[in-house]
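Written below as structure tokens is the structure these notes are about.
The values are calculated or read from the model by the stated rules, or taken from the named source; none is laboratory data. Since this is a predicted model, take the numbers as computed values, not measurements. Methodologically, a virtual Cβ is constructed for each residue, glycine included, from the backbone with ideal geometry; neighbour enumeration extends over all protein chains shown.
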Amino acid sequence: IYAKYISPDASDSNQKNIGRLFVVMVAGAALIVAANSSQAIVMLGGLAVAYGFQMYPALIGICYYKGFTTKGVVYGLIVGLIAVTLTDKTSAWFGVPWGAYPLTIHSAGWGIFFNLLTTFSVSKFFVESNAEKEMKEKKHQLLQAVTGLSKERKKKVKLAWALTLFWFLVGFGPFATIGNDLFSNPNSPSLWAPFGLPSLWVWQLVFLGYGIFVMWFLAFHMGMSEPIDPKKVKRQIT
């Protein structure tokens with residue numbers, strides 16, 4: 001908003017400083033809320049995750065899929081945020097009949113569903129100009145040139161996807177319910193095992209370790225944590 005509407009000619013340094021200022025302001029507001037209402041901070045924390053998830057279409061459009069337009073992503077984001085608000089605990093503020101988490105689906109899921117639906121629809125009906133398409137193509141070519149995987153790493157892409165999807169779906173997704181009573185009966189504390197913990201706790205601890213492994217694999221074996229050589233970028237833009 002600052003760079004586009006308030007100061008379009010702002011330097012990189014100025015934009016960074018403004019960004020830091022707003023981070024401090026938001027962090028200060030969060031501290032005030034946390035100090036005065038523990039219930040509110042829990043609700044806002046849950047909303048933050050669901051709201052943040054709505055940025056995925058923008059990320060997909062920048063890194064992978066060229067079919068998303070700027071208007072599509074913006075309208076999709078707005079609709080996604082509204083959908084999250086109307087399907088989370090905040091739905092009570094608006095008196096909607098379905099309440100929080102309709103059909104036991106988290107608000108992030110409802111948000112991303114309507115977000116992607118809107119993004120695809122708007123992108124299809126509001127076509128970009130040739131100049132915008134050309135600029136987008138150049139950006140994708142730049143990203144591919146400076147961050148593309150080597151031939152050796154491309155062989156591991158399917159494995160990386162499989163490990164990540166398994167983590168998402170089984171670790172903390174819909175199949176996490178398997179852990180409810182896999183190790184012990186949650187209604188019999190005297191039989192909780194191992195470590196005297198409820199079955200679901202053990203399940204989550206196991207997948208915490210698995211998640212650390214997945215992050216390590218993506219960061220080092222797939223190169224997602226490697227810094228990009230500035231010289232490589234400079235060669236592509238000159």
Between a first residue in the stretch 210-238 that is at positive phi and a second residue that is among the basic types (K, R), which pairs have beta carbons less than 8 Å apart while being 6 or more apart in sequence or on different chains?
-> G223/R153
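Per-residue answers, yes or no, for (1) in contact (Cβ under 8 Å) with a residue 12 or more places away in the chain; (2) farther than 13 Å from S107 by Cα:
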{"residue": "A29", "(1), (2)": "no, yes"}
{"residue": "A35", "(1), (2)": "no, yes"}
{"residue": "L47", "(1), (2)": "yes, no"}
{"residue": "P57", "(1), (2)": "yes, yes"}
{"residue": "I62", "(1), (2)": "yes, yes"}
{"residue": "G67", "(1), (2)": "yes, yes"}
{"residue": "V73", "(1), (2)": "yes, yes"}
Would you call S129 surrounded by 14 or more Cβ atoms within 10 Å (Cβ to Cβ), at pLDDT 85 or above and polar (S, T, N, Q)?
-> no
Is it the case that the stretch 16-38 has a residue that's over 30 Å from M135 (Cβ atoms), surrounded by 12 or more Cβ atoms within 10 Å (Cβ to Cβ) and touching a Ser or Thr at 6+ places or on another chain (Cβ under 9 Å)?
-> no
Quick one: S13 ticks every box in (1) in contact (Cβ under 8 Å) with a residue 12 or more places away in the chain; (2) surrounded by fewer than 12 Cβ atoms within 10 Å (Cβ to Cβ); (3) not aliphatic (A, V, I, L, M) except a single one, so which number is it?
-> (1)
Give the residue that is modelled with the highest pLDDT, with candidates limited to residues of the stretch 153-194 that are of a type in the set (V, I, T) and surrounded by 13 or more Cβ atoms within 10 Å (Cβ to Cβ).
-> T164
Find the residue count for the stretch 157-196, including only residues that are of a type in the set (F, W, Y) and under 25 Å from the mean Cα position of the chain (by Cα).
-> 6
For the stretch 142-151, what are the residues that are in contact (Cβ under 8 Å) with a residue 24 or more places away in the chain and part of a helix (DSSP H, G or I)?
-> L142, L143, A145, V146, T147
Selection status of L21, under 25 Å from L116 (Cβ atoms), not aromatic (F, W, Y) and not in a loop (DSSP other than H, G, I, E, B) = no
Tell me, yes or no, whether the stretch 197-205 has at least one residue that is of a type outside the set (D, E), free of Cβ contacts under 8 Å to residues at least 12 places away in the same chain and under 27 Å from G109 (Cβ atoms).
-> yes
Within the stretch 152-170, the residues that are in contact with a helix residue (DSSP H, G or I) (Cβ under 7 Å, 6 or more places away or on another chain) and touching a residue at least 40 places away in the same chain (Cβ under 8 Å) are K156, A160, L163, T164, W167
